[in-house]
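Okay, so here's the structure we're looking at.
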Amino acid sequence: MQHPAGSVSAPPSSDASGAAPPHHSSRPVHWVVTTVAVAAVLGASALVRPSAATAGPPRPSDGDPAASRPMGAPDPGKAHFPVKCGRAGADVLEEGSADLDGDGRPETVAVVRCHSGMGTPPSGIYVLAQGTGDDGEPRVVETLLDPGEGINVGEFAVGGRTVSATLLGYSSPDVPRCCPDRKRRVKWQWSDGKFVLTALPVPGSV
């Protein structure tokens, strides 16, 4: 896959083989505009409060994520993410790889946030393609979730052409950043040359 370089706002383009790479835009999912933007994208179902088991900050995966990374999949440890962390640097909390666009070459999806000794910085979710330059540095070709949305990520998985996650958010600025009081399971699925964001049904809904 010859992924386009440059701004994440650039439109998709095709490579020499005609395969369309992931496009470079995603709809906002900020909890402040849940009833407007998110409801339009994810449906009108009410968000539910997370249980105590999932309300805390996301945690790094156990073991070595590279052990399950397919050969040839981009290594997020070598990527530069568009996260403004100052001197703190960014941590890759979760990663998963799959051939999301079906071109025979795996992409890697990474959950990233600024390093912090305390507190819960917001997370970003990025799709990486293998670099083609001399350094071979993986490139961010899609931002599924921008840290600017102020959202944390709980459960996370990549498989087939789908990225799924539990988004943890806040009903108001008064809610402590340690304790998100809203959650929603969502998925991004590669379809017709782009990632389509949908929400999974709320537990107990009809």
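A short reminder: the numbers here are calculations on the coordinates, not readings from a lab. This is a predicted model, so every value here is computed, not measured. All Cβ positions, glycine included, derive from the backbone under ideal geometry; neighbour counts span all protein chains shown.
Extension gain, GLN189 to SER172: 0.36 nm times the residue separation minus the Cα-Cα distance gives 3.2 nm. Gap in Å between the Cα centre of segment 138-203 and the Cα centre of segment 76-121? Here the two parts' Cα centres lie 14 Å apart. Among DSSP beta bridges whose residues both lie in segment 76-206, state the antiparallel percentage, nearest 5. For segment 76-206, the DSSP antiparallel bridge percentage is about 100.
Ranked by the mean number of other Cβ atoms within 10 Å of their residues, highest first, the peptides 160-167, 119-126, 75-82 fall in the order 119-126, 160-167, 75-82.
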